[in-house]
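Below is one structure, written out as structure tokens; the observations come after it.
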Amino acid sequence: MKQPRQSDPTIVIFDLDGTITRYDTYVRFLLYVIYRNPLKLLQLPLLSVDVLRHKFGTQSNTWLKKRFLSAILAGKDRNTINSLAISFSQRVFMKGIHRDAMECLRQHQKKGNDLVLISASLDIYVKPLAEMLGFKHIICTRTCWQNDVLGSSLDGGNCYGDVKIERVKQWLEDRADNRILAAYSDHESDFPLLKIANHGIVVNPGQDLRQKVENNNLEFIHWK
């Protein structure tokens, strides 16, 4: 007796920074906040030292993200953060999205695919931006609050590299069909995720990264 044909997978995963957007949104968001709070400029010399410590490998990406979070954003009330996040997200949506990425999103939405946005960036602005883009599911770095005041720690760590793939796998465990139709990212750190999708697609790779893409049997595309 023939087994019933299994339906095609519908989950499509998109990275945010550098994939859908034309730039790193976390850095832009921090600059956006500093522009509206000029006294925060006094923090930049110390943060420059922290950037160098990260660059030379003495501190992790997670440590650096928490340092910037503590210096620029922590201590602000929820209403202030929400206002900044929504305003910033609207700017990104209007001027910071790859045109081809938006067309790709629309095509998957028309097909009824289940879209997931993943990002190492902060939930405070990733969530409103994801809603503007039409995503139903969001996996990103989560901030911590105490009495409606933003803290300087992260809930569950930085959603980057191994943490990101584990968060995706946890999300998939709760679904009846956990197969990934396609996954899009611009970064090598997402290769483990791209390789478990039916179609792993690297966006706008440079020459060095393109060689690694081909060696990992992944696809690549160029978005404007």
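Okay, here's what the table says:
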| read-out | value |
| --- | --- |
| Any hit, region 159-169, residues being outside any helix (DSSP H, G or I) and among the β-branched types (V, I, T) | no |
| Complete set of residues in region 35-73 that are of a type in the set (A, V, I, L, M) and either part of a loop (DSSP other than H, G, I, E, B) or within 20 Å of D123 (Cβ to Cβ) (or both) | L64, L69, A71, I72, L73 |
| Selection status of T80, in a loop (DSSP other than H, G, I, E, B) and either under 27 Å from F93 (Cα atoms) or out of contact with any helix residue (DSSP H, G or I) (no Cβ under 8 Å at 6 or more places or on another chain) (or both) | no |
| Of residues in region 188-212 being touching a residue at least 60 places away in the same chain (Cβ under 8 Å) and part of a helix (DSSP H, G or I), the one nearest to the chain's Cα centre (by Cα) | D190 |
| Odd one out for D177 among (1) under 24 Å from W223 (Cβ atoms); (2) of a type in the set (D, E); (3) touching a residue at least 12 places away in the same chain (Cβ under 8 Å) | (1) |
| Long-range neighbours under 7 Å by Cβ, at least six apart or interchain, first residue of a type in the set (V, I, T) within region 132-146, second loosely packed, with under 14 Cβ neighbours inside 10 Å | T143/D155 |
| Checklist (1) touching a helix residue (DSSP H, G or I) at 6+ places or on another chain (Cβ under 8 Å); (2) modelled with pLDDT of 90 or more; (3) acidic (D, E) applied to D50, failing item | (2) |
| Pair list, Cβ < 7 Å and 6+ apart or interchain, from region 6-35 residues that are without any contact (Cβ under 8 Å) to a residue 40 or more places away in the chain to residues that are part of a helix (DSSP H, G or I) | I34/K40; I34/L41; I34/I72 |
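Yes/no per residue for (1) under 20 Å from N82 (Cα atoms); (2) under 15 Å from the mean Cα position of the chain (by Cα); (3) in contact (Cβ under 8 Å) with a residue 24 or more places away in the chain:
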| site | (1), (2), (3) |
| --- | --- |
| I97 | no, yes, yes |
| D100 | no, no, yes |
| Q107 | no, no, no |
| G112 | no, no, yes |
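The values are calculated or read from the model by the stated rules, or taken from the named source; none is laboratory data. What you see is a predicted model; the values in this text were computed from it and never measured. Glycine gets a Cβ as well: all are built from the backbone with ideal geometry, and neighbour counts include every protein chain shown.
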